[in-house]
Every structure is written in structure tokens, then in C-alpha cells.
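Trainee: Mind having a look at this structure? Questions to follow.
The values are calculated or read from the model by the stated rules, or taken from the named source; none is laboratory data. As the structure is a computational prediction, the values presented were derived from the model and not from experiment. Counting neighbours? That spans all protein chains shown, and the Cβs are built from the backbone with ideal geometry, glycine included.
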Amino acid sequence: MNLVATVRNSILALLLTEAASAAPKEFVPATPPTKSEWQYFHKMTATKLTELWNFQAKRGSSTIGSWAWQWRLGWVKQCTIHSMPQICPQILKEALKDDAMVVRAEAATALGKINRGKPNEQVVRELADAYRDTRNIRNGTPLFVCDRILEALHDIGGQKSLATASLLAKRDPATSKYWSLISRSKN
């Protein structure tokens, strides 16, 4: 190895060591992220995110529900950006049933984006089950998460997905009108 390569490798090793020491290793998933944790989290690669998930799972945070809602929302968004087949299916499935409506809505949107144009009966069933979640209705009126689920089903496409969305939307005049609107405009 020549001197230039040795120096370059030494500098690279130093930079990687510095970056690793700057990483928030001891944050607590059950508490909201600090600004630096949040910034670091959103710069992580798919590999580092998977390592973080697995590290926290070994420490007892093996479900998305054990994280603060901000983290749960962040994980859903990261699953939309990065392909992480080892962890994202579990995260998104759990997020559709989350206590926080904003997390449920974001999970529906993520599933629509990830599966756009790729009909998947299991995902369609999960979205339909999420639509029927009683927490998505207030005073008899479907909340915005129902609209997000209909959009996701539309994005996924395919006969089963579109038929399911049409049946779900017919349960309420507002969602029926919304489904009619997106069915015409999102082609």
C-alpha cells in the first residue's frame, strides 16, 4: 500500500470513528427525540437504521408501540424512503394499528407509496382492517385517516384493492364522495 492510500485510509477511519461517536447511542425510544437525535435519525442509511432497530429490539423495544409517537412517525417515514425488508413490514403493520391517529394515517400513506401499482392482497386486507378501526370514526364521521386509507388502496390499484376501497367508501356519504373524486382524478 502506498503512502497516499495509507493516509487516505487513516483519515477515513478517523472520520468514521468521529461520526460513530457523534451518533446518539443511548437515546431512550420511549421518550421523544432530541433535536440532534432527530437530525441524526433522518440522515441514517437503511443499514444503520436496521442496526438501530435491532439494537433497540434486543434492549426491549421490539415493537413500534414501545417508541414515543414521534419516533413511530419517523420510523414509518423512513420505511417510505428506504427499503428495509427485514424490519419495515412489521413496523408498518403495527403502525396501522397505532394509538396515534397521525401514525396510522402515515402508515396507510406509506403502504400506498411502497405498493403503488403492485396489488398485494395481504396489504389490502390490512388497510381494510385499519379502515374499520373504530378509533378512525368520531361521532359517526370518518376521520382523515380513512381518506388516507382510500388513497393508499387507490395507489396500490388492482381489482381487489379498488373494489375493497369502493365498498369501504360506501359506508359514509363523505367518504363515498371522496372516493368518487380520487377515482376520477388520480388515474
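Trainee: So, restricting to helices (runs of 4 or more DSSP H) that lie completely within segment 110-187, which ones have at least 3 residues that are in contact with a Ser or Thr (Cβ under 7 Å, 6 or more places away or on another chain)?
Mentor: Helices (runs of 4 or more DSSP H) meeting the threshold: 144-156.
Trainee: Also: Among Glu106, Glu51, which is outside the structural domain of Leu167 (by TED's automatic domain parsing), touching a helix residue (DSSP H, G or I) at 6+ places or on another chain (Cβ under 6 Å) and either acidic (Asp, Glu) or exposed (fewer than 15 other Cβ atoms within 10 Å of the Cβ) (or both)?
Mentor: Of the residues listed, the single one that is outside the structural domain of Leu167 (by TED's automatic domain parsing), touching a helix residue (DSSP H, G or I) at 6+ places or on another chain (Cβ under 6 Å) and either acidic (Asp, Glu) or exposed (fewer than 15 other Cβ atoms within 10 Å of the Cβ) (or both) is Glu106.
Trainee: On to the next question. Within segment 65-76, which residues are modelled with pLDDT of 95 or more, part of a helix (DSSP H, G or I) and more than 11 Å from the chain's Cα centre (by Cα)?
Mentor: Trp69, Gln70
Trainee: If you don't mind, there's one more thing I want to ask. Take the conditions touching a Pro at 6+ places or on another chain (Cβ under 7 Å), outside the structural domain of Ala57 (by TED's automatic domain parsing) and basic (Lys, Arg) and apply them to Lys160. Does it pass?
Mentor: For Lys160, the condition - touching a Pro at 6+ places or on another chain (Cβ under 7 Å), outside the structural domain of Ala57 (by TED's automatic domain parsing) and basic (Lys, Arg) - is met.
Trainee: Got a number for residues in segment 48-64 being of a type outside the set (A, V, I, L, M, F, W, C) and either under 15 Å from the mean Cα position of the chain (by Cα) or at pLDDT 95 or above (or both)?
Mentor: Qualifying residue count for the region: 2.
Trainee: May I pose another question? Identify, by number, the condition in (1) in a loop (DSSP other than H, G, I, E, B); (2) in contact with a Lys or Arg (Cβ under 8 Å, 6 or more places away or on another chain) that Ser62 doesn't meet.
Mentor: Ser62 satisfies all of (1) in a loop (DSSP other than H, G, I, E, B); (2) in contact with a Lys or Arg (Cβ under 8 Å, 6 or more places away or on another chain) except (2).
Trainee: Could you please give the count of residues in segment 77-92 that are without any contact (Cβ under 8 Å) to a residue 24 or more places away in the chain and part of a loop (DSSP other than H, G, I, E, B)?
Mentor: Qualifying residue count for the region: 1.
Trainee: Follow-up question, since we're still on this one. Just one of Cys88, Cys79 is closer than 14 Å to Ala152 by Cβ, out of contact with any Phe, Trp or Tyr (no Cβ under 8 Å at 6 or more places or on another chain), modelled with pLDDT of 95 or more and not assigned by TED's automatic domain parsing to the domain that holds Gly158; which is it?
Mentor: None of the others qualify; the one that does is Cys79.
Trainee: Looking at segment 137-148, is at least one residue closer than 30 Å to Lys43 by Cβ, at pLDDT 95 or above and either surrounded by 15 or more Cβ atoms within 10 Å (Cβ to Cβ) or in contact with a strand residue (DSSP E or B) (Cβ under 7 Å, 6 or more places away or on another chain) (or both)?
Mentor: Taking every residue of segment 137-148 in turn, at least one turns out to be closer than 30 Å to Lys43 by Cβ, at pLDDT 95 or above and either surrounded by 15 or more Cβ atoms within 10 Å (Cβ to Cβ) or in contact with a strand residue (DSSP E or B) (Cβ under 7 Å, 6 or more places away or on another chain) (or both).
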